[in-house]
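Heads up: the structure comes next, in structure tokens.
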Amino acid sequence: MFEMGESKTSCARARSSMTTEASDFTKVIVMGAGAIGSYYGSMLSRKTDVLLISRRGHMDAVNSRGLEVTGAVEGTFDLDASTELGSIPGGSLIILTTKAYDIEEAVNEFRALLKPDTVILVLQNGLGNEDLVQSIVGPEVDVVRGLASTGVEFLSPGRIEVKLVRETVLPKTAVGEKIGRLFDLCGLGVQLSERMDVEVWRKLTMNCVINPLTALFRVPNTEIAVEGLREVRKGIVDECIRIAQKEGVILEGDLEGEISRAAASYSNISSMCQDIMKGRRTEIGFLNGKVSELGRRHGVATPVNDVLTSLIRFMEGKE
Ligand code: KPL
């Protein structure tokens, strides 16, 4: 999943009513539309109604000027945007792109509005997010885990830049395929996987390498692919491989090499680096912090991930 190709698409300011092929969903609601959520909202608005839910400044800008997307995707997208979700129409897809630590608050906000046919797609960084969502909404709601690796930066309210487009990984299940059809219709590349557990661990390991290192040095992803950091990357990856194995997931191949090549291709600033630069809380507890936590549970030492977690927590405290 790290080696997907780039593509450049452009789109004029247009509403979904102008489209011809139908979506299986009546509406897409993006909860927590920061950089990555706004990117998905813009692409999906090509073939379906989209509502973005996020902070006031960003939502006001989108409502007054549209969502301006530059880079690998270009266009101004006319989307509905709000700070609150009033109702969920039947047949909706909710895409959860809040920060992982906001899951409980976000899901509790819309839990009472869910319809029997609502589908929730969890497109966040981290491990175990979908289980947490499922435990809040109950077993009768369809909760699907997906993986987003497109590099997107939040420029200013109403403006994002897409630096590198990657396929979305979805489970090869009936509901995963239904989401995949919509994504495909909208020009979002999809990879269907029968081993989401492996894909989640591979993405987690990539985030454990790229996110804290870029946040500590405040550099774009490309810069941490240097030879001088190879032992550090390898230390992080080896611990992730060991803990994944304890969790029943075998990570094969030269993962450190794959992650280095992926980092070298990403000219964007990682989400954690963007958070640190804005003085915001980070997702460290769902990434390296999670690996350390599982290490303690399994009695396996994870010194490299422990140190990175402490350093990022120290920086969060300082900001
Ligand atoms: O997931 C990301 C993130 O920034 O959180 C990557 C894929 C590393 C892109 O920057």
Quick test of your reading of the structure: Cys273 fulfils all but one of (1) crowded, with 18+ Cβ neighbours inside 10 Å; (2) more than 23 Å from the chain's Cα centre (by Cα). Name the failing condition by number.
(2)
Can you confirm whether Ile269 is within 14 Å of the ligand (Cβ to nearest atom), at negative phi and not in a helix (DSSP H, G or I)?
yes
Hey, Gly176 in contact with a helix residue (DSSP H, G or I) (Cβ under 9 Å, 6 or more places away or on another chain) and at positive phi or not
no
Going through the range 290-307 one residue at a time, which ones are within 16 Å of the ligand (Cβ to nearest atom) and open to solvent by 10 Å² or more (accessible area, probe 1.4 Å)?
Lys290
Restricting the range 242-256 to residues that are closer than 18 Å to Val304 by Cα and out of contact with any helix residue (DSSP H, G or I) (no Cβ under 7 Å at 6 or more places or on another chain), which is surrounded by the most Cβ atoms within 10 Å (Cβ to Cβ)?
Arg242
Picking from Leu170, Leu127, Leu204, Leu164, the residue that is within 12 Å of the ligand (Cβ to nearest atom), over 24 Å from Met59 (Cβ atoms) and buried (at least 21 other Cβ atoms within 10 Å of the Cβ) would be Leu204
Only residues that are assigned to a loop (DSSP other than H, G, I, E, B) and within 16 Å of the ligand (Cβ to nearest atom): list them for the range 102-124, please.
Leu123, Gln124
Of the residues that make up the range 173-193, is at least one open to solvent by 10 Å² or more (accessible area, probe 1.4 Å) and within 12 Å of the ligand (Cβ to nearest atom)?
no
Right, Glu140: within 28 Å of Arg280 (Cα to Cα) and either over 14 Å from the mean Cα position of the chain (by Cα) or open to solvent by 10 Å² or more (accessible area, probe 1.4 Å) (or both) or not?
no
Looking only at the range 47-63, count every residue that is assigned to a loop (DSSP other than H, G, I, E, B) and touching a strand residue (DSSP E or B) at 6+ places or on another chain (Cβ under 8 Å) and tell me the total.
2
Looking for whichever is assigned by TED's automatic domain parsing to the domain that holds Asn211, within 15 Å of the ligand (Cβ to nearest atom), within 24 Å of Tyr101 (Cα to Cα) and open to solvent by 10 Å² or more (accessible area, probe 1.4 Å) here; the options are Arg261, Arg281. Which one fits?
Arg281
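The values are calculated or read from the model by the stated rules, or taken from the named source; none is laboratory data. Just so it is clear, the model here is predicted, and its values are computed rather than measured. Neighbour counts run over all protein chains shown; Cβ positions are idealised from the backbone, glycine included. Surface accessibility is based on the protein's heavy atoms, side chains included, excluding ligands, DNA and RNA. Shrake-Rupley method; radii C 1.70, N 1.55, O 1.52, S 1.80 Å.
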